[in-house]
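Peer 1: Below is a structure I'd like to ask you about.
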Protein chains: 2
Amino acid sequence: MTSTIKVGIVGYGNLGRGVEKAIKQNPDIELRAIFSRRNPDDVAAANGVVHISEIEKYKGDIDVLILCGGSATDLPQQGPEFAAMFNTVDSFDTHAKIPEYFEQVNDAATKGGNVSLISTGWDPGLFSLNRLLAQSVLPEGKEYTFWGKGVSQGHSDAIRRVAGVKNGVQYTIPVEAAVERVRKGENPELSTREKHLRECFVVAEEGADLAKIESEIKEMPNYFADYDTIVHFISEEELKKDHSAMPHGGMVLRSGKTGENNTQIYEFALKLDSNPEFTASVLVAYARAVYKLSQAGQSGARTVFDIPFGLMSPKSPEQLRKEIL
Amino acid sequence: MTSTIKVGIVGYGNLGRGVEKAIKQNPDIELRAIFSRRNPDDVAAANGVVHISEIEKYKGDIDVLILCGGSATDLPQQGPEFAAMFNTVDSFDTHAKIPEYFEQVNDAATKGGNVSLISTGWDPGLFSLNRLLAQSVLPEGKEYTFWGKGVSQGHSDAIRRVAGVKNGVQYTIPVEAAVERVRKGENPELSTREKHLRECFVVAEEGADLAKIESEIKEMPNYFADYDTIVHFISEEELKKDHSAMPHGGMVLRSGKTGENNTQIYEFALKLDSNPEFTASVLVAYARAVYKLSQAGQSGARTVFDIPFGLMSPKSPEQLRKEIL
C-alpha cells in the first residue's frame, strides 16, 4: 500500500460514529475530517468536527466522502450536492425512491467526474446482493426476507407517540416456525402475521391507563394491526439497562428447484449486536471500492450490483485468487 | 431480450447434464451443442452430442462455452485450449493450482479476444465470494467454512479402494456443536476432528472381514484418521436406494467484532439436494455475465471476485434497482 485512502464523514450520529470506529480497523484507510451541521464546539468527537459549510475546502484532500445522514431529508439533498464535489458512499434506504435518487446522484457525479455508490449497508446492501444472486442462480424458486431479532426505529417511534407512553422500544422477531418451513423447502405462502412478531417494551407515564395503551399499540394500522404483538410494561431503568443496544439482523432465503424436483436451499443470515456499526463497516468497505473505481477513471452513480467484490478488499487480485478463492 | 445467448457444453457427465437442465430454466439462454470425447453414438442426450474434434466449426456460433470436465486432467488442458477460441466458464477447483491455471487461461483468452471465467460453482465460487465479503466488511474476526452434510466423491473413492469393499459412499457432516459455538461468537479454535464427522456406508464383498475393513477405513491417513468416523455395513440394494443422490452444502461463517466489543455474525449456507445441478446453475448464471463482458469488448481471464452481480441477471440495471435493491 503506497498511500492511504483519505475519507470524510458527513453526519455524526450513530452511523457516523460507527464509520469512525470501522476506519480504525482498516489500516489502508485514514479519517480526514468529520463534517456536521451542528456547531463544532457542541460535538464531542476525538479528532474534532468541522462545520459542513467548510466542506468545499477539502476538495482534493478527501478521496471518498461517506454520507451518514438520514434518508428522509438529509440524503435527498446531500447525495446530489456532494456527489458533484467528491466520490461518495451512502446508505439511502427509501426503497421506493431509489430510482429517482440514483438518477439525481448519477447526474451530479457524472458532471463532477466522481463515483458515487448509493444505498449500501445490509438492507439495502448485502441483503439485496443475496436476493439478486439467489434468483440469478435459482430462477425457479421463491424468496423470503426475514428481519430481526432487532430494534425497529420506526416502530419504536410509533410506540412513543401513543398517549400515556413515556418511552419504548420495539423488536421485530421472525417467526421461527415460518423460517423452518422455508428451510425445509416447503415454499409456503406466508402472511405478514405469519412471518414476524412484534415485541414492545413500554415505559408508561405515572397513572396512565395500561390496558388502553396496550390496545392502542396493538390496533395501530400499518405498524402493528397486521402482526401478533406482545406488549410489556417496564420501568425507565429497565429500559435503559436492557434495551439500549441496537441489535438487528435477519435472513434472505431462497428455496429453488433444479432438474427433476431437487430442492436447493440458499440462506444468508446476519446476527448483529450493533446495527449501525455493521452498516458503517459495509460503507467503509465500499468506500475502498469507490476509490479504486475512481482511480481507474470511472464516474457516475453505482449500486452494490455494479461492484465486483474484489474491489472491496485491501488485497490484490493475485492475493485474492491465491488465498481466498 | 433481442436475441438469446448461445451456449455450448463440453463434457456430458453429471455437471454437463446439470448445465443442460439449468439452461432450460433460463429463457434468454439457448443450448447450441454438447461436445464429448466419446463416440456421439454412445452418448444418450436428448439433442444429440457432437464429437469434441468438431468444436472449431462452432466458432462464431457459440457465445459461451461451459467446460464441465474434471479439474485433475480435463480442465488444465481444455481451459487454455478453448479460451483461445471461445468465451468460457469453468469450475476448476484444485485450489493450490488456481494462480497457475489463471495465468494460462488469461494468456489464451487475451490472445483470442475472449472472456474466460475460471473456478466458479459453490466452493470455489459462492463460498469464496462470501469469505471475501465477510472479511472485507469485518476485518477483525475469524472465519469458518463447514462442508456438508454431503457426499464427498474423493472420500467415497478412498473407501472403494479398501480390500474387501465392493461399494461405498461417504458423507461429510459438520459437527453441530462446533457450528453453534461459532454462531454464538465464541471464536473457538477448532481441530479437524472438532469441525467435521465422516459417515461411511459400505457394501462389503461376501465373506470379507468387516472388522478389518472398518479399522482400515478409520485409520486411513489424510482421509479418515484425523476424524471421528462412523462405518455402517449395508447391502448393495440399500446403497442404491438410499445413497444414490448427490446432496451437499455447507456454511461460511464469520464472527467479527466492531466498536467496543460488539459481536457481528455473518453466515452463508447452502443445503443442496443435488450438488452437480446447483454447481451447473451457478455456471449458467456466470455464462450470462461472461457474455455481457465480452459484448462490452473485454477479454482475458476473470474470477468471481471480478464480476459484479448485476451481470448475472437477465434483468436490466434499472429493473434491478427498482425491484431488488
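The values are calculated or read from the model by the stated rules, or taken from the named source; none is laboratory data. A quick note: this is a predicted structure, and the numbers were derived from the prediction, not measured. FYI the Cβ positions are ideal-geometry reconstructions off the backbone, even for glycines, and counts take in every protein chain you see. For accessibility, only protein heavy atoms count, side chains too; no ligands or nucleic acids. Shrake-Rupley method; radii C 1.70, N 1.55, O 1.52, S 1.80 Å.
Peer 1: What strands (runs of 3 or more DSSP E) lie completely within the stretch A:1-110 and have 2 or more residues being in contact with a Lys or Arg (Cβ under 6 Å, 6 or more places away or on another chain), surrounded by fewer than 22 Cβ atoms within 10 Å (Cβ to Cβ) and not hydroxyl-bearing (S, T, Y)?
Peer 2: A:29-36
Peer 1: Another question, then. Say whether the condition of being away from every other protein chain (no Cβ under 14 Å), open to solvent by less than 20 Å² (accessible area, probe 1.4 Å), in a strand (DSSP E or B) and β-branched (V, I, T) is met by at least one residue in the stretch B:173-190.
Peer 2: no
Peer 1: Another question about this same structure. So how many residues does the stretch A:127-143 have that are at the interface with chain B (Cβ under 7 Å from one of its Cβ atoms) and part of a helix (DSSP H, G or I)? It would help to see each step written out before you state the result.
Peer 2: Here is the first cut: in the stretch A:127-143, the residues at the interface with chain B (Cβ under 7 Å from one of its Cβ atoms) are A:128-129, A:131-133, A:136-140.
Cutting the leftovers down to part of a helix (DSSP H, G or I) gives us A:128-129, A:131-133, A:136-137.
Of the residues in that region, 7 qualify.
Peer 1: Please find, among B:G70, B:G18, the residue that is under 19 Å from the mean Cα position of the chain (by Cα) and either away from chain A (no Cβ under 14 Å) or over 30 Å from B:P317 (Cα atoms) (or both).
Peer 2: Of the residues listed, the single one that is under 19 Å from the mean Cα position of the chain (by Cα) and either away from chain A (no Cβ under 14 Å) or over 30 Å from B:P317 (Cα atoms) (or both) is B:G70.
Peer 1: While we're on this one: Can you confirm whether the stretch B:237-245 contains a residue that is free of Cβ contacts under 8 Å to residues at least 24 places away in the same chain, of a type in the set (S, T, Y) and open to solvent by 20 Å² or more (accessible area, probe 1.4 Å)?
Peer 2: yes
Peer 1: Of the residues A:P276, A:P314, A:P221, only one is surrounded by fewer than 20 Cβ atoms within 10 Å (Cβ to Cβ), more than 7 Å from chain B (Cβ to nearest Cβ), more than 24 Å from B:V290 (Cα to Cα) and in contact (Cβ under 8 Å) with a residue 60 or more places away in the chain; which? Can you show your working first?
Peer 2: Working: A:P276 fails: surrounded by fewer than 20 Cβ atoms within 10 Å (Cβ to Cβ); A:P221 fails: in contact (Cβ under 8 Å) with a residue 60 or more places away in the chain.
Sole residue among the options that is surrounded by fewer than 20 Cβ atoms within 10 Å (Cβ to Cβ), more than 7 Å from chain B (Cβ to nearest Cβ), more than 24 Å from B:V290 (Cα to Cα) and in contact (Cβ under 8 Å) with a residue 60 or more places away in the chain: A:P314.
Peer 1: Any chance you could count how many residues in the stretch A:104-115 are within 14 Å of chain B (Cβ to nearest Cβ) and touching a residue at least 60 places away in the same chain (Cβ under 8 Å)? Before you say what the answer is, go through the steps one by one.
Peer 2: First, pick out the residues of the stretch A:104-115 that are within 14 Å of chain B (Cβ to nearest Cβ): A:104-106, A:115.
Keeping just the survivors that are touching a residue at least 60 places away in the same chain (Cβ under 8 Å) gives A:105-106, A:115.
Qualifying residue count for the region: 3.
Peer 1: Can you find, within the stretch B:279-311, the residue that is farthest from the chain's Cα centre (by Cα) among those that are open to solvent by 10 Å² or more (accessible area, probe 1.4 Å) and among the basic types (K, R)?
Peer 2: B:K292
Peer 1: For the stretch A:111-131, what are the residues that are in contact with an Asp or Glu (Cβ under 7 Å, 6 or more places away or on another chain), of a type in the set (K, R) and more than 11 Å from A:T145 (Cβ to Cβ)?
Peer 2: Passing the criteria: none in range.
Peer 1: Can you spot a residue in the stretch A:289-299 that is within 11 Å of chain B (Cβ to nearest Cβ), of a type in the set (S, T, N, Q) and in contact with a strand residue (DSSP E or B) (Cβ under 9 Å, 6 or more places away or on another chain)?
Peer 2: No.
Peer 1: Now for a different question. Which residue out of B:L117, B:L138, B:L133 is assigned by the TED database to the domain that holds B:R302 and open to solvent by less than 20 Å² (accessible area, probe 1.4 Å)? Don't jump to the end; show me each part of the working.
Peer 2: Details: B:L138 fails: assigned by the TED database to the domain that holds B:R302; B:L133 fails: assigned by the TED database to the domain that holds B:R302.
Just one listed residue meets the conditions, B:L117.
Peer 1: Moving on to the next point. Give the residues of the stretch B:246-264 that are surrounded by fewer than 22 Cβ atoms within 10 Å (Cβ to Cβ) and at the interface with chain A (Cβ under 7 Å from one of its Cβ atoms), sorted by residue number.
Peer 2: Within the stretch B:246-264, B:G259, B:N262, B:T263 qualify.
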